[in-house]
Each structure stands twice: as structure tokens, then as C-alpha cells.
Amino acid sequence: MSKTPDLLVRAEHADLLKNLNEWDIAYHQNDAPVVDDATYDAAKKRALEIEEEYPELAVRGASTHVGAAVAAKFKSFPHSVPMLSISDVFDEKEVAAWFDKLADKELFIELKVDGVSYSARYENGILVRGLTRGSGTIGEDITENLRTIADIPHKLSGDFPDIIEIRGEVYMMRADFIALNEAAAERGDKIFANPRNAAAGSLRQLNPSITATRRLSAFAYTYGELSSRDWATQSEFFDRLASWGFKTTLQWAHTARNTEEIQRVYNEIMMMRADIPFDIDGLVLKVNNVDLQEQMGARANSPRWEVAYKFPAARAITALNAITVQVGRTGVLTPVAELEPINIGGVIVSRATLHNADEIARLGVKVGDRVIVQRAGDVIPQIIGVAEQSDGPAFTFPQTCPVCGAGVIQEAGQVARRCVNSLGCPAQRIGEMEHFVSRKGFDIEGLGTRQLELFIARGWLETPSDIFTLIPRHGEEIKKLDGFGDKSVTNLETAIEHARDIDLHRFIYAIGIPEVGQATAKILANAFGTLDAVRDAPIWKLKQIDGIGDVMADEISSFFADSHNKSVIDALLDQVRIRQTEVKSGPVDGPLGGKKIVLTGTLAKYTRDEAKDILERMGAKVQGSVSAKTDIVLAGAEAGSKLTKAEELGITIWGEDDFEHAIADAGKA
């Protein structure tokens, strides 16, 4: 006989459900989570514990709830097979409890990608509809948005069922997320808190052309409705997905037959988590045998044959003790949150960026608040919301530089505030040198902030090239300084000598061009190949490179045109050797310079990659989707919706003969 819950239990359960519902709407509909993962997981776990003890509360409880209702702004369609969620486990004991109940102990282990779920329905191999998870039974129609993502084929290849719904995760690569936020900051647009929010906000657009401008990626991992099946295991299904044209996480997948093997895989992936180029928040453990999966079935909202083994939360709530302002190498004043130290994903976090004054105002943060802090991979910890407000005063941004006392300006149209004393402010020189020797730049171990401040104060370092003559000029004097000696000076000299050989993209990053981060430095290196080519590039050529906007192009051109920068770089080139980069995108002044070309269908004489490579070497920009800005569509056999859209828009259409004529003409030039 089941127990009857008393009023206190009912009240606790109702309160948990109310919170979970509000948090689900914020997360799934608004793409703006208001609590950290650990808080959400703990609340849901407690609600499930209550429902297990008092089954009558489970009828409409956490155990039957998936996602959130669809937003009114989207068309909606029912899922032919419900899109269920996955039950979570958090430690070895919970894994063992689930594993011990299995009849077949062979598991297939996949990454749990931190993105947005999608379902893509194919009829006779053609993509006919795309939906979000929505409530699990009804999803939002995102068909046209899915068509803009290169990883989701419009037409399946190989042998496939007449009807199949492919399900997976749309996500954003960490580098693409950083580049997106860099570009948004440059324009003064919204900054996304994390790659998952960026992916969700990009996918759930009413205008597919906006989705098309975002660099979204997608993995496939399971299926809904299907008319037939010829695979016996999950691992075989991954092979089918690849043959149909989908990307999977197979390269990170493992099999396991006992809990020791499961934990070994868990520990291995945890160790390499930061090196995986996209965010993950755990592993998915699946019974490999598909027949057994079907026999085991599902509970109200989750399959019995799989669980998500979650990693430690990458978000947490802590106290904001103070807000300090740092002055960077370009004079930009950046507010920094001084936090009550907290463990987030295995790392102790005590500081987080607040970006700028506008971001502080948007978040509404004040000293004394309890704030939601996020850390993901290499991304600097940042505050993404306020969990509990205090009565503290609003933060007032300083009107003078906290380092040198000079005035602070905010240029029209810019969110950043800068110290005007660009030549005399010590923070800017120290910041420039810190950036230069950082891990992503010249990576000179032994030249930290303390050492740079010491050497700059003595006049030994004025420009970056001085670093490479530091030991011959001042080595004996350095040995006499507190904390130094023969060994430390020898180690520093070795590190400096090792840094003399450097890749082009690291050099470009290290010299500190405004607006140019690591991702943009790689774009420039791949587009031009040599430093001279970058330095001599006219501004119109810079603006035609994907990923380089007008403001960024102006900054790059102005930087290399500045006489002071020229002399600094020339002095530096006397000391270092730059490894050139193989050009990966053709010169924009080639015969197809700057033309935006879309490939569709199958060419008789060229693979898709071969055709793309030839077009890029002729200066074209090969894109994945057709828009009004597309110049040419190169259509092969069995061209699909891209060709139809090009005809509707009146875009120039090439066949394979036109392509070969262009190649021949380029050879004559």
C-alpha cells in the first residue's frame, strides 16, 4: 500500500514543481537560465525522491515533465514519437544501481553535448520537417533553420528507411562562440553567456537568414519514428548515421561491460574535457543492444535503457564581495567581480569578468548580491545573472583611470571606456607585455606580471623586442634581484630563446592589434600566409574575408599603418623567426574574388571538397546556404532546394560546364 503524503510534503513538492517549471521556461523558451545546473539538478532530484516515496504525486510531477511548452511565436507540430529526456546520475553509486538492473551489460558510451535538441524528419530521404524538443510531445517548427546548418543533410545518401526521424543536438563550437561574442561586442550587440545559449538563440529565430549567419554545428545520436531498421546495436546505428551524411561523436565513443570501465571512461573524458572543442556536461550510457532497448521501454519521460552521467556543474552561486576595475593593454577599463571563492567544475573561482559598465547595468549586479557564475572550458568565468539581490548601492564607474589618474573617455557608439593616457599609463605597457608573452602569444614562461613590472620599472623593457635582448643586457643585474638567481635567469634565457620561433597566427595575436583575438589571428594567417601579406593588405581586401568586419578591418589597417607600430614590429622581426602558414582560402583578388558561391547536388568530375578548394583558390567564398547575397549557385545532378531557391531569387546558376570554363579562364590569366 502506498503512503499518503502529508501537507508539508505536498507543499514542498508543489514548491519544487513551481520552481522547476519557471526554470524550464527560462532555459528552454527564453534561452536565459536563472539558476546554475547544480541547483536545478538538486531540486529535480529531490522532487523525484518525493514522487518515488509517494507515487500519487508523480501523476503530474517532475517524473512526467519534459522541457517547456512551445512558444506562441512558432508554429508547432506533434512529435510522432515523444522526445523524452534522460534520467541523470551523479556518482559511481548511482551508476552502479542503474547498471546492476541491466540484463545485458554491454554499454555504448557517448558524449553528452551541451546544446539544443532537434528532430529532423526524412521521407524518402528528403528533409521535410524539423522540430525542437518543446514539451516532449509537441515541438516548435524550425525546418528552415535546420536547413541552414551544414551538418544536417537536406537529402540522405546511401540506403535509408523510407521514413526516419533523426534526433540530435545543435551546438556551437567554442571558437565560433568566442568569435560570435567578439563580433557582437564590436557592434555593441547582445553578448551570449555561453555556447549553449548562443546555439539556442540562433536556432530559435523566426528569420532563418539570421540562423544562417551563425556558425552552428550539429550531431546526430538517436531516432524517433522509422519505417524499418537493419541495425542491431547503437554502435552500428552510428555507422548508418555517417553513411547517410550526419556527424556523430563516434571519435569520443567507448564501450564498457562493467562499472570499473565506465568510471575509467568518465575520468578520461573529464581530463580531456577542456580540449574537446565544444561544451559537454557529461556522458550518456546506453544499452548497446537495440532489441533490448525496445524491450526495456521508457518511464513517463525517460528511457530505462540509458542515463546521463553528469559532470560537476559548470555554474554555481556565490557572493559578490567587490567590483574592481582593471586597465588593459589598450587602455580599456574592465570591471572585475571579486567573488567569495567557489568550486565550479573542479576549479576554484574567485574572480569573474563583468565586461563593461553596460553589462553591469543590464545584469543589475551590486556588491553584496549572490550571483550566478559560469565557467566553461577556456572561457573566462563570468557572471550571468543575480540569484539574490542585496541592499547595496549601485556601482559607479570611475571617471579617472585607477592606475594613472588620467581621464576616461567613451567614444561614440562604443561600450568600452578607455584611459586617454595611452603612452604614459603603466598599466597599458604592462598589459601589452603580458599579452605578448601569454600562453596564446609567445608563451614565455618565467615572465609573469611580477617580473614584467620589475623590469619595466627599471627601464629594461620598453618594447617587446627588448625581451629578446634582456638577458645579455641585464642578466647579471637580474641575478642580484630578490627572488632571482643563476638558475632562474638561465631558465628565463632558455624560455626566451625557445620563443624566437613562432607560428604566424600566434605572432599576429601577440602584437596586440585592437579587436583581433586568437580566432581572428588564425583567420588572417590562413587568408594571407605571411606577415608581409597581412601588413600590405589593402582595407578592401581585409573586408572581403569571412570573419573580418568593417570595424575590425579598419583597426587592422590602422594598426599596421601607424609609424610607431611599424618601428616596433621591424625591431621585433630582427629578433624572431615567423613560421609561415599555408593559405587556406584563396586571394580575394582572384578571378572569382569575393564572389559568394553555393554548391548543391553532385558533380561528375569533382568531389564537393575538390570543387570547394578550386573555387576558394580562385578567390570565391564558398557558403552553405543560398540567400539574396549569393552570387552564384553551382548545381550538379540531383540539386535540391538550394537550386529552387536560387531560381526564385534570380541568382546566376552554373552547371559543371560553366565551372570548367571558369577554371580554364583562370588558367589563362
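With r as the distance between the Cβ atoms of L250 and I276 and R0 = 22 Å, compute the FRET efficiency 1/(1 + (r/R0)^6) and round to 0.05. Working shown, then result.
Details: r = 14 Å, r/R0 = 0.62.
About 0.95, to the nearest 0.05.
First check a/c for the stretch 418-506, with a ≥ b ≥ c the square roots of the eigenvalues of its C-alpha gyration tensor; if it is under 1.5, answer rounded, and if not, answer prolate when a/b is larger than b/c or oblate otherwise.
Cα axes put the stretch 418-506 in the oblate bin.
Using the Cα gyration tensor of the stretch 522-576, with a ≥ b ≥ c the square roots of its eigenvalues, what is the shape: rounded (a/c below 1.5), prolate (a/b larger than b/c) or oblate (neither)?
Details: a/c = 2.62, a/b = 1.54, b/c = 1.71.
Oblate is the answer for the stretch 522-576, as a/c is 1.5 or above yet b/c matches or exceeds a/b.
Working from the alpha-carbon coordinates of the stretch 87-244, get Rg over Rh, Rh being the Kirkwood radius. Before the final figure, lay out each step's value.
Numbers: Rg = 17.7 Å, Rh = 17.4 Å.
Ratio of gyration radius to Kirkwood radius for the stretch 87-244: 1.02.
Take the Cα coordinates of the stretch 263-388, assign each an equal point scatterer, and use the Debye formula without solvent to give log10 I(q)/I(0) at q = 0.10, 0.12, 0.21 Å⁻¹.
Rounded to two decimals, the profile gives -0.47, -0.61, -1.13.
Express the accessible area of the chain per residue in Å², computed with a 1.4 Å probe while the remaining protein chains stay in the model. Could the numbers behind the result be given before it?
Values: 31370 Å² over 669 residues.
I get 47 Å² per residue for the chain.
Between V332 and residues 5 or more places away or on another chain, which pairs have amide H atoms under 5 Å apart, with H built 1.01 Å from N, and which residues are they?
Answer set, sorted by chain and number: C419.
For a 23 Å ceiling on Cα separation, which of these pairs sit above it: K93/K310; K112/K155; K105/K310; K45/K93; K45/K247? List each step's numbers first, then the result.
Working: K93/K310 13 Å; K112/K155 26 Å; K105/K310 20 Å; K45/K93 15 Å; K45/K247 32 Å.
Flagged as over cut-off: K112/K155; K45/K247.
Please compute the volume of the convex hull spanned by the alpha-carbon atoms of the stretch 522-646 and report it per residue in Å³. Please list the in-between numbers first.
Details: hull volume 12.9 nm³, N = 125.
So the per-residue hull volume is 103 Å³.
Let a ≥ b ≥ c be the square roots of the eigenvalues of the Cα gyration tensor of the chain; is it rounded (a/c under 1.5), or, if not, prolate (a/b larger than b/c) or oblate?
On the way: a/c = 1.88, a/b = 1.24, b/c = 1.52.
It is oblate, given that a/c is not under 1.5 and a/b is not larger than b/c.
At 7 Å along Cα-to-Cβ for each site, give me the label-to-label distance between A150 and E338 in nm.
Rounded to a tenth, the inter-label distance reads 4.7 nm.
With runs of 4+ DSSP H residues as the only contributors, calculate the mean residue ellipticity of the chain at 222 nm using -39,500 (n - 2.57) per run, divided by the residue total and rounded to the nearest 500. Display every interim value, and only then the final one.
On the way: 24 runs with 244 residues, N = 669.
Helix-only estimate at 222 nm: -11000 deg cm²/dmol.
Lysines within cross-link reach of K541: Cα-Cα under 24 Å, excluding same-chain residues under 8 positions apart?
Result set, ordered by chain and number: K522, K566, K584, K595, K596, K612, K621, K629, K668.
Could you give me the ³J(HN,Hα) list for the stretch 279-291, computed from phi with Karplus coefficients 6.51, -1.76, 1.60 and θ = phi - 60°, whole Hz, x at Gly and Pro?
My calculation for the stretch 279-291 gives 7, 10, 10, x, 10, 10, 9, 10, 4, 6, 6, 6, 4 Hz in order.
Per 0.36 nm of contour for each residue apart, how much would the distance between A103 and K45 grow if the chain were fully extended, relative to their Cα-Cα spacing?
Values: separation 58, 0.36 × 58 = 20.88 nm, distance 2.55 nm.
Taking 0.36 nm per residue and subtracting the Cα distance, the gain is 18.3 nm.
Please give the FRET efficiency for D358 paired with Q263, using the beta carbon to beta carbon distance and R0 = 56 Å, rounded to the nearest 0.05. Write down the numbers at each step before the final one.
Values: r = 45 Å, r/R0 = 0.81.
Computed FRET efficiency for D358 and Q263 comes out at 0.80.
Taking the Cα of S76, stepping 7 Å toward and past its beta carbon, and measuring to each backbone N in the stretch 100-137: which are under 11 Å?
134-137
How far, in nm, would the chain grow between D631 and A298 when pulled straight, counting 0.36 nm per residue and subtracting the alpha carbon separation?
Numbers: separation 333, 0.36 × 333 = 119.88 nm, distance 4.99 nm.
Contour length minus the Cα-Cα distance gives 114.9 nm.
Provide, for q = 0.12 Å⁻¹, the log10 of I(q)/I(0) from a solvent-free Debye sum over equal Cα point scatterers in the stretch 182-309.
Values, matching the q order: -0.66.
Using the beta-carbon distance between I539 and R229 and R0 = 56 Å, what value does 1/(1 + (r/R0)^6) give for FRET efficiency, to the nearest 0.05? Kindly include the intermediate steps, with their values, before the conclusion.
Values: r = 57 Å, r/R0 = 1.01.
Working from the Cβ atoms, E equals 0.50.
Between D574 and E92, what is the label-point separation in nm under the 7 Å Cα-to-beta-carbon projection?
6.1
What does the extension gain come out to for A561 and A394, with contour length at 0.36 nm per residue minus their alpha carbon separation?
Working: separation 167, 0.36 × 167 = 60.12 nm, distance 4.20 nm.
Here the answer is 55.9 nm.
Run the reach check for K543 against aspartates and glutamates, Cα to Cα strictly under 13 Å, same-chain hits fewer than 8 apart removed. What comes back?
D554, E555, D589
Once label points are set 7 Å from the Cα along Cα→Cβ at both E493 and K18, what is their separation, rounded to one decimal in nm?
If labels sit at E493 and K18, their model points lie 7.2 nm apart.
The values are calculated or read from the model by the stated rules, or taken from the named source; none is laboratory data. Predicted, not measured: the structure shown is a model, and the values here were computed from it. Positions of Cβ are backbone-derived with ideal geometry, glycine not excepted, and every protein chain shown enters the neighbour counts. Keep in mind that these areas ignore ligands, DNA and RNA; they rest on the heavy atoms of the full protein, side chains included. Shrake-Rupley method; radii C 1.70, N 1.55, O 1.52, S 1.80 Å.
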